[in-house]
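Asker: Sharing a structure here in C-alpha cells format.
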Amino acid sequence: MQYIADAREAKEIDGVSIQKIGIPSFVLMERAALKVAEHVSRIMGKDEGRILVACGCGNNGGDGVAAGRILKEWGYEVVIALLGKEEKASEDMKQQLTIARKLSVPVITEPVIAEYTVIIDAIFGIGLSREVTGSYAGWIAEINHADAITLAVDIPSGIDASTGKVLGTAVRADYTVTFGVNKRGLLLYPGTQYAGEVFVEDIGFPEKAVHDVTPAVISYDRSDIERLFPKRQPRSHKGNYGRTLVIAGSKQISGAAYLAAAAACRIGSGLVKVFTHENNRIMLQTKLPEALLCTYQGNERLPADYMDDIFESGRDALPFLEEDSEKEESVEFVRRLKNELSWATAVVIGPGLGTSRMAELLLYRVLKITDIPVLMDADALNLLPRFPEYFNQDGRIQLTDNFVLTPHLKEMSRLLGNDVEEIKNNLIDTACRYTKGAAVVLKDARTVVSDGTRIYLNQSGNNALAKGGSGDVLSGMIGGLLSGGMEPFQAASLGVYLHGLTADEYVRDRSRSTMLASDILEELPKILP
C-alpha cells in the first residue's frame, strides 16, 4: 500500500522529520539531489550534451543546485540558472549556491534555453498555490518549447500538488523525481499529463514521520494483491465463497448481465445467480452455464405500493388477497423476489436493467437491504433519483454503509445535479463529500473510491478500458469480492485496481484499440493469486 500526499501532508512529513525527529533539512536536500542526479545520469551519457538546472529561490531550487553540483562532479557539463532574486532565497538554497560556486559550477541568470540537452526543472516545488505569471511564466514557456529532455524535481513547476490543476502554466516534464511519498497532483489530471514518468524516491523521511501524518489517500500496487485477495481454504466448498445475485439485463439488453455475472464467477464467487428477463435465458445458459438463473416475463402485474407488508409480515397480513387474482399474482412475484434476495450474500443491481416499472420495483426492494452488501451501477443509479428519501436536504446521497455505488462522471452529474466538468476537476472532493454511509467508486481515468473517511486513488489501467461493458465487468468483480466477505471500501478499491491491471496486462503486446470488455475476464487469471 502506498500513501499519496497532498501539499499540506507532504510539508507536514518534511516538518516532522526536521523539527520533531531532528534530521537536518540540508541532509534531506542532499539525498534528494543525489536521487535526481542518479536519474539524470541514467537518462544521458556524459558526452550527450549540456544540462541546465532551472532554479527558483526556495528549497526546490536548493535541491536543483545540489543535483547540478553532483552532476558536475561526475563529469557532466552543467549550468545553473538562478531565475529569482538571490537575496530572497531560502537559507539552504543560499548555502547550496555558495558550495556550487566554490566548486566552479557556473551560475547564470539569463540562460538560452535552446542550448541545452537536458533541463532540470527546480523552479517551484509543492508549496506553489498561486498562478504562475510574469518572467516565470516566460521561462516555463521556453522550457516547454525547447528540444530537450526535461526532468522535474518533486513536481513539475506550475502544477498544484494537491489537485493536479495547472496554475496558469506548467512545465511539461518527461520525468519527475518526487520524494518520500507520491503526490496527488502527479496522479490526478491534468497534472499526471505534465509529470511524465514518475519515480518516488526514498530520501530519508523516517517511517514514523509518514505514520504521524498518515496521508488520507492510499493506492495499491501488485504487492498488495496477495495480501488483500481473499484466501481459499484447502477444505472448503462453494458455499464458503459467497453467493452473488446479479439483477441485470432487460428485454432488449443481455450482454451486461452476462459480463457482470461472468466477472463475479471469475473473481471467485462460489455461486452466482442472474435475475433477469426471460429473453436472456438462452444466451446466459449458453455462454455462462456456471451461473444459476431466475427470470421474469416482463408482463407480471406489479404492486402499486411495492407490497411492503408482504416482505415484512408475509401473506397472512393481507387476507383479502384470496379474492383478488391480480393482487395474488403481484404477491407471488414479490415473494419470489424476496426469496432470491434472501439467498444472496451480496447483490449487484443495475447493468443493462433499464428504467422500466419492473426495474424500479427491483431497485426499491434492494434499497431496503441492510444486512448484506449491495452494489449499484448503471441503471440502478439512473433510477435512484426516483426515490428522494435517499437524498439529504443538501443533495448528498444517503444510504447505509453496506452499499457501494459505481457511477461514471455523467451518472454522478445526474445524481448530484453538478456539472460534469466540476466533478472531473474535483474527483476526490466529490467522492468524499456527496455521499453519506455508502462507498462510492467515482469512475474516471483516475478512479477514486471513498466511504467518506477513507480514500483510494487508483493508478492501474489505461484507455483500453474505454469500451462498452467494462463497467459491467467491474461491477461483477466488486460484487464477487463483496459476496466472499470483503468489506465494501476494500472490495471496491481492490476490484478497481485489479480491473485496471487487466488492461495493463492486455496492452503489453496488443493494441489498446482492440480490447473488449470480455477480454478483462480472460486477463484476470493472469493476475489473481
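The values are calculated or read from the model by the stated rules, or taken from the named source; none is laboratory data. Everything numeric in this text was worked out from a predicted model, so none of it was measured. Cβ atoms come from the backbone with ideal geometry, glycine included; neighbour counts cover every protein chain shown.
Asker: Which residue pairs have Cβ atoms under 9 Å apart, sit 6 or more places apart or on different chains, and have a first residue in segment 367-380 that is outside the structural domain of Asp472 (by TED's automatic domain parsing) and a second that is surrounded by fewer than 17 Cβ atoms within 10 Å (Cβ to Cβ)?
Answerer: Listed by first residue and then by second, the contacts come to nothing, as the list is empty.
Asker: If I ask for residues that are over 23 Å from Leu186 (Cα atoms), in contact with a Ser or Thr (Cβ under 9 Å, 6 or more places away or on another chain) and in a helix (DSSP H, G or I), which ones from segment 20-46 would you list?
Answerer: Ser25
Asker: Tally the residues that are over 30 Å from the mean Cα position of the chain (by Cα), part of a helix (DSSP H, G or I) and not basic (Lys, Arg), restricting the search to segment 225-239.
Answerer: Here the count works out to 1.
Asker: Here's something else I'd like to know. Of the residues Gly484, Gly452, Gly437, which single one is in the same structural domain as Asp379 (by TED's automatic domain parsing), at pLDDT below 95 and in contact with a Gly (Cβ under 6 Å, 6 or more places away or on another chain)?
Answerer: Result: Gly484 is the single residue among Gly484, Gly452, Gly437 that is in the same structural domain as Asp379 (by TED's automatic domain parsing), at pLDDT below 95 and in contact with a Gly (Cβ under 6 Å, 6 or more places away or on another chain).
Asker: Output the number of the condition that Gly168 fails; it satisfies all remaining conditions of (1) touching an Asp or Glu at 6+ places or on another chain (Cβ under 8 Å); (2) surrounded by 18 or more Cβ atoms within 10 Å (Cβ to Cβ); (3) not basic (Lys, Arg).
Answerer: Checking Gly168 against (1) touching an Asp or Glu at 6+ places or on another chain (Cβ under 8 Å); (2) surrounded by 18 or more Cβ atoms within 10 Å (Cβ to Cβ); (3) not basic (Lys, Arg), the one that fails is (2).
Asker: When residues of segment 449-460 are filtered for being touching a Leu at 6+ places or on another chain (Cβ under 7 Å) and surrounded by fewer than 23 Cβ atoms within 10 Å (Cβ to Cβ), how many remain?
Answerer: Number of matching residues: 2.
Asker: Considering only segment 227-271, how many residues are among the basic types (Lys, Arg) and under 15 Å from Ala344 (Cα atoms)?
Answerer: Qualifying residue count for the region: 2.
Asker: So is Arg227 surrounded by fewer than 24 Cβ atoms within 10 Å (Cβ to Cβ), at pLDDT below 95, basic (Lys, Arg) and more than 30 Å from Pro24 (Cα to Cα) or not?
Answerer: no
Asker: So, one more: Being within 23 Å of the chain's Cα centre (by Cα), crowded, with 18+ Cβ neighbours inside 10 Å and either of a type outside the set (Gly, Ala, Ser) or part of a strand (DSSP E or B) (or both), is that true of even one residue in segment 134-143?
Answerer: No, there is no match, as no residue in segment 134-143 is within 23 Å of the chain's Cα centre (by Cα), crowded, with 18+ Cβ neighbours inside 10 Å and either of a type outside the set (Gly, Ala, Ser) or part of a strand (DSSP E or B) (or both).
Asker: Of Glu411, Glu421, which residue is under 19 Å from the mean Cα position of the chain (by Cα), of a type outside the set (Ser, Thr, Tyr) and within 20 Å of Ile478 (Cβ to Cβ)?
Answerer: The conditions single out Glu411.
Asker: For the condition touching a residue at least 60 places away in the same chain (Cβ under 8 Å) and either assigned to a loop (DSSP other than H, G, I, E, B) or in the same structural domain as Ala10 (by TED's automatic domain parsing) (or both), what is the one hit in Gly127, Gly164?
Answerer: None of the other options fit; the residue is Gly127.
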